[in-house]
Each structure stands twice: as C-alpha cells, then as structure tokens.
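Remarks on the structure that follows.
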Amino acid sequence: MKKNSEKAQPVITVALTGNPNVGKSTLFSRLTGIKQHTGNWAGKTVDIMSGKRLHNGNHFLFVDLPGTYSLYPNSPEEEIARDFLLSREAERVCVILDATNIRRSLAFALSVLEIRPDAFLIINLADEAAKKGVNIDTKRMSESLNCPVLPVSARTGQGVNEMLNRLSESKPAKEQSFHAPYKPWLRKILQAVSEIKQIDYKSAFLYALAGDPDALNVSRAFGRSLDAVQSEIIQTFSECAGEIYGSCVTKKKMEPQAARADKILTGKYTAFPIMLLFLFAILYFTISFANLPSKALSALFSSAEAPLRRFFDSVFFLKPLAPVMIDGVYGVLTWVISVMLPPMAIFFPMFSLLEECGFLPRIAFNLDGAFSKCRACGKQGLTMCMGLGCNAVGITGCRIISSPRERMIALITNSLMPCNGRFPALIQISYAFLSVSTVITAFAVTGMIAVSILMTLLMSYLLSVTLLRGKSSFFAMEIPPLRKPAFFRVIAESLVNRAFKVLLRALAVAAPAGLIIWCLANISISGTPIIKHITDYLEPAGLFLGMDGAILTAFLLSLPANEIMLPLLIMIYLSNGSLTEIESVSSLKSILVQNGWTVRTALCSLAFTLMHFPCSTSLITSYKETKSLFWTFITFIVPLIPGVGLCLLIRLIV
Amino acid sequence: MRPMPLTRLSFGQTGIIQWVSGEEDKKSRLMNLGFIPGERISLALISPLGNPRAYRILESTIALRSKDARLIGISIKERT
Ligand SMILES: Nc1nc2c(ncn2[C@@H]2O[C@H](COP(=O)(O)OP(=O)(O)OP(=O)(O)O)[C@@H](O)[C@H]2O)c(=O)[nH]1
Ligand SMILES: [Mg+2]
C-alpha cells in the first residue's frame, strides 16, 4: 500500500544545511518526528540522517547534514555536506540560520545561494531572537536576495507549517537570483577557471577555494596569488552579508559582552573546582537517587522468581530448562536491569541537560591548555564527555576533531573514560569497601574520573611522541551562548534516546552471557566445572594484578558489554560454593569477602574497571572509524597499559 | 596606530582586524569563522590556564590558541 502511494507521488529530497549549532537537528526532529540527538555545541551531528514527512499530499525526505562553516571542506564531515548539496540528489536546499547570530550564517547562506539559486533561507531560533530583542525583516531580506526567507522556531514549532507549505509549492524558477558581487579582476579569474574546467561560472569559486591546481595557474596568469583570490572570495560574501544584515536586522539592546556566568565557569580559580563540583553532583544524585529504585526493582524480580520457577516446573518440557533459564538468564538479566536502569535514568537526563545548556564546550575550553601541552586537541574534552555516556558514541564523536593525528589520539584514548556501563561496578565496589556513605562514594568515583582524565592526558602525550608523532595543530572552537534547555523535553528524549537504547544493548548481551556462564558453571570436564578450569588457568595472572582468576574471567567475558562484569563475577563465585542469593550491596560485600576479597582486591578491581580494554561495541566502532586493524588493536591495548600499571602500583603500596 | 597581534588585545578594548595570515588552509579557516579584515573584535574569555582565549567576532564567541591568534593582526579602536 505504502509503496504504491509513494510511486504515485515522487519523494522530494530536502537538504538541511547551515553553520554548526544553528538547530538543524532540532528542526529535523520537529519535521520528521525522528529524535535526532541535539546539543548546544558545534559539531554535535557527524553523520547524515534522513527522515520522511508527508505534508498536504507531498512526500518529503529531509536530510540532516553536519554543520559547516564554509563550502570549502576542512573536514570529512564538511565534505560530505558540500558534496550532497552539489549533487542533484538534493532537490531542495534549506539553509538554516541562527536568528540570534545571523551575521556569519548569512555569509554561508549567500555562498550556498550562489550555487543553489533555489535555496530557502530558514531563520531558526525565532523565539529566542524575540526574547533578545533581535528583529529581522524577512520580507526585505527575501526581496533583496530574491529567495524565500522564512522565520521558524524549531523548539516551539512556530513557522514550521508555513515552511512545509512553501516547500510544497511548485519548484521555484531556476533563474539566477543572487549574484556574488565580486570585484572585476576576480570575476575574470573565475570566468577563466570555469572555461578551463568546463563548469558553470557560478561554481568556479568552489575550485578556487579548494586550491585546485588550475585555479592556481589561472590566478598566477592574472598576477594574483591563490591566497589573495581565496581571501577576496570569502570577503566578498562576508561584506555582502554585512550589507544585508545592516539593512534587515535591528537590535533593541546590545548583548552583554560575556555573561557573568561564563566568567565564573572559565575563571582562573573557579573553572576547575566548578567542573569537579558538577561531576560530583551528578554522581552524588545518581548514586543516592538510584539506590531505592534499584532495591525495589531487585525485590520485585526476586519475588517473581518463585512463581516463575513454579511455572517452569509445571510445564513438563520446560522443566529441565528451569535452572539454566532462571539461575542463568533470568538472574543476570534482572541484575542488569535493577542495577543499571535507575542510575542510567538519572545520569543520562542530567548529562543531556548540561549538554543542552552549553556546558560541554566550556569544559573543552578550560581543558584545552592541558591538551595543547600534550599535543592534542581541546575538542577531545568534548569526546571524553561523550565517552562518559558511552565510549562508542565518544569514538564516533571524534570526527569533530579535524586534524587526523589528533582525532586518532582522541579515539584511542576514549575508553580511558569510564562509560555509564562501568559506573555501577565502580559505585558498588567503592560503596562496599571504601565507605558506607553516599557522599564518600561519590567523592571516590569523582576521584577515579579525575584519574581517568589525567591518564588520558598522559597517554595522549605518550602517543604524540611515539606512534602519532607531531605537534598540536590548529584549534578553533565556537563557544555558543549558554541557553536554558527545554527541561521536560530534554529529559524525556534523553530517557528514550539514550538510557533506553543503552539498556537494550546491555540486555541483548546479558541474556546469552547468563546462559553461557551457567553452562560453563554446570558442565564438568573430568569432575570439575569448565568455569573452574578457566578461573584456575587465569588465577596466576589475576593474582599478579592484585585480583583473582574469577575477576579476570568476568572481565574477559564482559567484553561485549561492561555492564555484565559484576553479575558474571557473582555467578562465578556462587557456582564455586553454595551461597545464598544476593539481595543488596551488603550481601554483595559478604560474597566478595567470602571469596577472599580485601581492600587491595577492591582497589585493583576498581582500577581495572576504570581502565582496561574497550568493550566490543567500542572496538567495532573504532574499526569502522579507522578502517585499520592495527589502530583498532592499539585502541584495545592503550587503556590496558595504565590499568595494569595502576593495579601493580596498588599491589606495591597497599 | 601600528597593527599588533590579536594576542595583545585585552578586556574592554575593541580591535579592528587588519590582516589575517597563515599557511595552508589556516587563513581561509580563520576567515570562514569570521576573522575578516575590517571586522570588530574583542576579548571575551581567558581560559584558566591562560591559553586559549575566546574572542567575540560577528556576534559569536570563538576560542583560539595564542599560536593561531598571532596569525591575526589588529589595530585598537580609539575609544570615543
Ligand atoms: N530557543 C531555541 N533553541 C533552539 C531552537 N532550535 C535549536 N535550539 C537549540 O540550539 C542548540 C543546537 O541545536 P542542534 O539541533 O543540535 O544544532 P545543529 O545545527 O544540528 O548542530 P550541529 O549538529 O553541531 O551542526 C540546541 O541546544 C537546541 O536545543 C529554537 O528554535 N529555539
Ligand atoms: Mg545537528
């Protein structure tokens, strides 16, 4: 059915382009209903995403492109965006502009208009512009550029219907509307380039910007350097944008130079304490609010166990499966849900709120000095923050770093940041052994993350002087204004988009892992269960690292997902002796202590949880990003080195 | 007044960009971000370690390391 109607009505592809952080993804979500990740920082979207929308019988396919500052690509993402615009695949082009910061986005919009005269200018953040007293005369702008100019607010949805109506209208006439007012000498050069290249005069400037050899020769022949040509092109668009800005935009009041909040967030004596305080607060809330629901969930699951067992026993063909399904699969599955879900449901929304505020670029700004000394890029601070949520996401996010060397460093060291899946183990082990109070546990985990940050810096430096030799390169990062997030929407989307997704992935791994570990524990070879053979085999290595064979086995088996390390470990311990089942953290401690855990074991396990090999999802992602087995192997090995080192150090001291 | 590197700009001053230099694509990158001769610029933030610094240009705030900020020459606008 659906296919037929689509055939009858051709799909109109609409590209959404524009500077970074102008709200393209927010608008995309509003248009298509697909929840694209958004954040108040430049470079949030690194992939192309598309989604459909039916409006008045028209089928639209909207394509959300990564933000770019120019049509001259400085990074692979910008190249993707430009190529898509140039290809005729995009039947309509919408340039999204930020109404509160329209001056620069206008210059980009003009350069798009030069190659795509049929482009629409969509002026987003109309709600915020109104609040700030910015008034944009869209009618006048539309007349002077001879193209549709539409104000919208992606957040409130205002103007979106009008935008769809206009996009539905018959295709605008292809006549040239906007002509870049180049100086005569530049026009001659571009004309010559277009003749040599046999291309449209209008797109000749792209070749000049990209430093094409023909453009270089032509420029020389006209007695100009390519550099001068490029600058003149950029300047032409910028000046033209300035004129339009002057005639169409009025501002009631001058913006304050930099908000006082920013001075505190980046202040010499305040910046780092505040960052640590935020981290502590997030962890404290996560730990203290997750505790009760965790207990409730685990009580619920254990009370459901008896009926479940009876059910299995009552159905004759299920009866033999009862132990493996209940002790194995059900046990691990419910542990992961009750231990993972509450902290994730608290951590992710808080993190998303900070991201939407615009706190992340400030962290990167504060940390860049240190990264610069380690010959890496400050934007690595952003990817580390993403890594706190999920390392695989952090690894993909490394695309925002334009220098290939620095990007590789950020990618390799990303797993040094403990992801959300490792928090429960860090929290529970600290809680059981180091303290009994939430505050101290939060302090301890904050300290561990600080260790992670220091190790990331150290490993980045070591990589910079060995495998990835080089000096730090160009660094320029936009710091967006602090913005009040759409509180409830952010929380809801974060729960669905992030927390739920990560949980599902963990569960998909937990079920088969529970099955396998049960089989290993219950199938014997020459009188001893297989699991015992494995743990015995790993015992010397485990002891060497201040842990034991069972812990190491659990780490190895949790390669697919860090979340399952602790439940697997407990199952291994339980299978060795006959112990009661675990209900709370205090019984967790007693199980661990009965299996020979001391403070030293706990510390070493914490260190190893913090820094060991990345999970398989991260490894697959890093292979996708680097397309090299060698670098994937390095990604595997690099976090392991400080982890092992720290374990040995703890063994020496404690 | 003689042009000076952007790194010498201090809080409260307004500069006018005089020139932008830089090898390879650095210059065009800076220009695409809005660092264009003739534009007004001011210092917005200094990071806790002193480097990078963030500048206010074309209504937005952009952080640059001093190494890159030196590629930009400015003159100080006399206050009226
Ligand atoms: N007040 C307000 N905020 C908005 C609006 N549209 C987007 N935002 C906010 O602007 C920020 C950037 O939005 P994104 O959609 O991630 O921007 P983007 O253009 O996709 O950014 P990149 O992917 O980095 O290129 C987010 O914090 C949004 O919540 C709007 O209409 N009004
Ligand atoms: Mg986006």
- Total Å² of accessible surface buried at the A-B contact, 1.4 Å probe, nearest 100? 3600 Å²
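Please list, by residue number, every one of the GluC sites (Glu not before Pro) in the range A:125-211 that is coil in DSSP and has at most 15 other beta-carbon atoms within 10 Å. Walk me through the intermediate numbers first.
Working: sites: A:GLU128, A:GLU143, A:GLU162, A:GLU169, A:GLU175, A:GLU195; in loops: A:GLU169, A:GLU175.
For GluC sites (Glu not before Pro) across the range A:125-211 that sit outside H, G, I, E and B with at most 15 neighbouring Cβ atoms in 10 Å, the list reads A:GLU169, A:GLU175.
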- Query: Can you list the aspartates and glutamates whose alpha carbon sits under 14 Å from that of A:LYS131, skipping same-chain ones fewer than 8 residues off?
  - Reply: A:ASP98, A:GLU255
- Item | Average beta-carbon neighbours from other chains, 10 Å sphere, peptide A:92-104 | 2
- A:LYS319: which aspartates and glutamates have alpha carbons under 20 Å from its alpha carbon, excluding same-chain residues fewer than 8 sequence positions away? A:GLU305, A:ASP327
- Message: For A:LYS52, give me every one of the aspartates and glutamates with a C-alpha distance below 13 angstrom, ignoring sequence neighbours fewer than eight places off in its own chain.
- Response: A:GLU6, A:ASP64
- Please report, in debye to the nearest 20, how large the charge dipole of chain B is about its Cα centre when each Lys and Arg carries +1 at its beta carbon and each Asp and Glu carries -1 there. 240 debye
- So which trypsin sites (Lys or Arg not before Pro) in the range B:17-80 end up in coil per DSSP with only 13 or fewer other C-beta atoms within 10 Å? B:ARG79
- Note on the structure: For the range A:47-161, whose charge dipole is built from +1 on Lys and Arg Cβ atoms and -1 on Asp and Glu Cβ atoms, the candidate among A:ALA130, A:ASN58, A:ALA81 with its Cα farthest towards the positive end is A:ALA130
- Taking chain A as the reference, fit the longest principal axis to its C-alpha atoms, fit the long axis of helix A:438-465 to the helix C-alpha atoms, and give the angle between the two in degrees, 0 to 90, nearest 10. 60 degrees
- Averaged over the residues of A:223-232, the number of partner chain Cβ atoms within 10 Å of each residue's own Cβ comes to 2
- Query: What does the charge dipole of chain A about its Cα centre add up to, to the nearest 20 debye, if the Cβ of each Lys and Arg holds +1 and the Cβ of each Asp and Glu holds -1?
  - Reply: 800 debye
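Return the percentage of antiparallel bridges among DSSP beta bridges fully within the protein assembly as shown, rounded to the nearest 5 %. Before the final figure, lay out the partial values.
Numbers: 35 of 54 bridges.
Rounded to the nearest five, the antiparallel share is 65 percent.
Once you average over the residues of B:36-46, how many Cβ atoms of partner chains fall within 10 Å of each Cβ?
Details: counts 9, 3, 4, 3, 0, 0, 2, 2, 7, 11, 5.
Partner-chain Cβ atoms within 10 Å, mean over residues of B:36-46: 4.
Show me the ranking of peptides A:361-374, A:526-539 by mean Cβ neighbours inside 10 Å, starting with the highest. Walk me through the numbers on the way to the answer.
Details: A:361-374: 23.1, A:526-539: 15.3.
Output ranking for A:361-374, A:526-539: A:361-374, A:526-539.
Which shape class, rounded, prolate or oblate, goes with the protein assembly as shown when its Cα gyration tensor gives a ≥ b ≥ c as root eigenvalues, a/c under 1.5 marks rounded, and past that a/b bigger than b/c marks prolate?
Details: a/c = 2.22, a/b = 1.76, b/c = 1.26.
Cα axes put the protein assembly as shown in the prolate bin.
So which of A:LYS24/A:LYS132; A:LYS379/A:LYS627; A:LYS484/A:LYS624 end up more than 26 Å apart by C-alpha?
Values: A:LYS24/A:LYS132 21 Å; A:LYS379/A:LYS627 22 Å; A:LYS484/A:LYS624 35 Å.
Checking Cα-Cα distances, A:LYS484/A:LYS624 exceed 26 Å.
The values are calculated or read from the model by the stated rules, or taken from the named source; none is laboratory data. As the structure is a prediction and not an experimental result, all values here were calculated from the model. As a convention, Cβ positions derive from the backbone with ideal geometry for all residues, glycine included, and neighbour counts pool all protein chains shown. These accessible areas exclude ligands, DNA and RNA; they are computed on the full protein's heavy atoms, side chains included. Shrake-Rupley method; radii C 1.70, N 1.55, O 1.52, S 1.80 Å.
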